[in-house]
Structures are given as structure tokens and as C-alpha cells.
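What follows is a set of notes on a single structure, which appears directly below.
No value in this document is a laboratory result; all are computed from the given coordinates. Note that this is a predicted model, so its numbers are computed, not measured. Neighbour counts run over all protein chains shown; Cβ positions are idealised from the backbone, glycine included.
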Amino acid sequence: MGQDKKKARAGIEWPTLLLICACYAFWGAALWWLPLTLGIVIGGLAIALHSSLQHEVIHGHPFQAQWLSEILVWPPLMLTVPFVRFKATHLAHHNDEVITDPYDDPESNYLDPAVWNKLPRFVRSVLWLNNTVAGRLTLGPLIGTVAFVLCEWRCRDLKALRDWLLHVPAVALVLGAVWMSPMPIWAYLAAMYFGMSLLKLRTFLEHQAHDRASGRSVIVENAGLLGLLFLNNNLHVVHHMHPRVAWYRLPTLYRSRKDHYQKRNGGYFFRSYGEVIRRYLWTPKDPVAHPLWRR
């Protein structure tokens, strides 16, 4: 409640607003001015940051008027996910009691064991590899996109269909800008895939199966520059406990009660993403079939 009052007094959250402007500036530089290889790298970083900023907007930043904030991040730089669908599924995910639920959590990476057991051996091998860092960074963007689109198709929801139809002209706008720029379409798609891959590192172990809802969200304490790219969502249990707190306040909030957050999430803790990569580069972090599923 205190954080909400502080936000109301603040009016405009300038760090977020300025970062949105910087994100579009880097994206534009990648398309129009940078050498191709560097443009792909910087473009991928800008696309990943834009997705993080969309997440920040979903949680009510930087303006008090939600519609105004959403206009700022409406262009789908990543192409594959309509912002309104991202918003709907992510807010559903923030029901902490269903986190990791194969059916009710739209962002769960787990499958119902009964579904897992019926999958062809090749599909299970691919999904097993996807539960390693190496697999998640290389195959994860493709697997995640296919799974998301199939899930959206199966829901047969007229509102979702409307959102996807409105997404088409938005994609056309972004691709039109790319078409007019010196960057080839294939290079933009490479940048997009790189950006998605970076985000897959963040979501790789964001949540784990646990009996307690409070024990399902991770802390990656020292994220370095990735912390900026992910807008401090490496401190994920802090975000889930305080979803309305702005990204730039999360580290101070974490440091002020570090022992409390680590106790609350049951010690689901890593010192850095380097530790995550070393531990799980070729080793699955957990089974694809939900290990605690009892339905």
C-alpha cells in the first residue's frame, strides 16, 4: 500500500519513461545506422529490453493512466506476441496459487505427466533438451512460440481472436519500418531470435515446482547488465510479492530484507546467471513432467 501511495505522488516514473525512449533509440540505430552484425546484436538487446518494458507497463508503469503507458510499448518489436495477449496471460500468471500449474498457469514450462507420457519419443527428447540452458537458448524461442500459438488457437476465444487480428496491422507497421531501413528482413528476424533467446535465460528457472506458492519464484542475486535488460526480474520472488513496485526499486527492497525473501522462497537462490549456466548448461534443471502434479 505504501508503495502504491508513493507511485501516486510520483506521477510520472521518469527512469522507466527515459528507458523506453532509449530502447527505441537503440532499436532505430540498429535498423538504420549500425553495421549489420552490430545491428543484429544491438537490435536483439533492444527487442529483449522492449519486452521487459512491456512487462513493466502491464504492472502499471510509468504513467498513472494505463492506456497512455500501453501506447508507449504497443509496437510489437518481437512480432510474435500481441501485447494484449501478453497482458492477459501474464496477469493470469500472477495468481500465485497456480504458478507452475500445467493448465492454469499460462507461463508454466511443466506438462501434466499423463500428457508427457503420451508424447512421441522425439518430442520428449526435444523438450528434455529445452530444459537445459543450451537447449533453452537455441530451441527455446521456437518451442515457446509454437506452444504459445497452439495454446491461443485451442482456447477458441473470440476476444483472443480479435486481439490477434488487431496484431496484424501492428506487425505490418514494424515490418514496414524494417523494410524501409537498410537492415534486411532476415537480419531483423535473427535479431528478434537473439532477443527472445536472452529472455529465455531469464525465464529458464524463474519458477520451480514447490508445495508452497511462496517457494516457486527464484532469486538470482547478481545479474549484472542482465539485471538492466530484465528490469531486475531476476529478483523474481520480490516482484511476485510486490508486483506494483517499479523495477528500479526492487534491488533496494531486496537488500533491505534479504533474509526475509530468501527464507520465504525456501532458498531457491542463485548468485548469478553464470552459476545458472555452469550448473545447467547440459543438465536439465528439472523434469518436464510436473513432479508434484496430483490432479
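Among complete DSSP H helices in the chain, those whose alpha-carbon atoms stretch at least 30 Å along the helix's long axis and whose mean Kyte-Doolittle hydropathy reaches 0.0 are 36-58, 158-180.
Hey, how much of the P(r) for the range 120-241 falls beyond 25 Å, as a percent of Cα pairs? Considering the range 120-241, 44 percent of its Cα-Cα pairs are separated by more than 25 Å. Grouping the Cα pair distances of the range 171-220 into 5 Å bins from zero gives a pair-distance distribution of 5, 17, 16, 14, 10, 9, 8, 10, 7, 3, 0 percent in increasing distance order. Its Cα gyration tensor gives the range 193-234 an equivalent ellipsoid; the semi-axes, largest first and in whole Å, are 21, 13, 6. Principal axis analysis of the Cα atoms in the range 16-95 yields extents of 43, 23, 15 Å, listed in decreasing size.
One quarter of the convex hull surface built on the alpha carbon atoms of the range 186-264 amounts to 5.9 nm², the projected area averaged over directions.
Applying 1/(1 + (r/R0)^6) with r as the Cβ-Cβ distance of Leu173 and Asn95 and R0 = 25 angstrom yields a FRET efficiency of 0.15. With Cα atoms as the point set, the range 1-148 shows a radius of gyration and Dmax of 18.5, 56 Å.
What the Cα convex hull of the chain gives, in volume per residue, is 138 Å³. Shown is the FRET efficiency for Trp282 and Asn117, computed with R0 = 25 Å from the Cβ-Cβ distance and rounded to the nearest 0.05: 0.55. Take the Cα pairs of the range 161-295, get the Kirkwood Rh, then feed it into Stokes-Einstein at 4 °C and 1.567 mPa s and tell me D in µm²/s. So the translational diffusion coefficient is about 74 µm²/s.
Note: the range 229-280, Cα convex hull, 85 Å³ per residue.
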